Amino acid sequence: MNIEARYQEIKDEEARSLNREKSAEILETTKQLYAWILQKLQEKSSTR
């Protein structure tokens, strides 16, 4: 959220829409994506 972007109005709108529930959802999705990336990296390194 704090990375400068060309579309400041979109960033501002997103910031206003955040609440505890939406933040928890984003965090859970991020954790799942991180776990998936780690799994793919481990699979790739084990095939070498």
Every residue from segment 13-26 that is in a helix (DSSP H, G or I) and surrounded by 10 or more Cβ atoms within 10 Å (Cβ to Cβ): 13, 14, 15, 22, 23, 24, 25, 26
Against the definition (in a helix (DSSP H, G or I) and at pLDDT below 90), how does residue 9 come out, yes or no? yes
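The values are calculated or read from the model by the stated rules, or taken from the named source; none is laboratory data. Bear in mind the structure is a predicted one, so any value in this text is a computation, not a measurement. In this analysis, Cβ positions are derived from the backbone assuming ideal geometry, glycine residues included, and neighbour counts consider all displayed protein chains.
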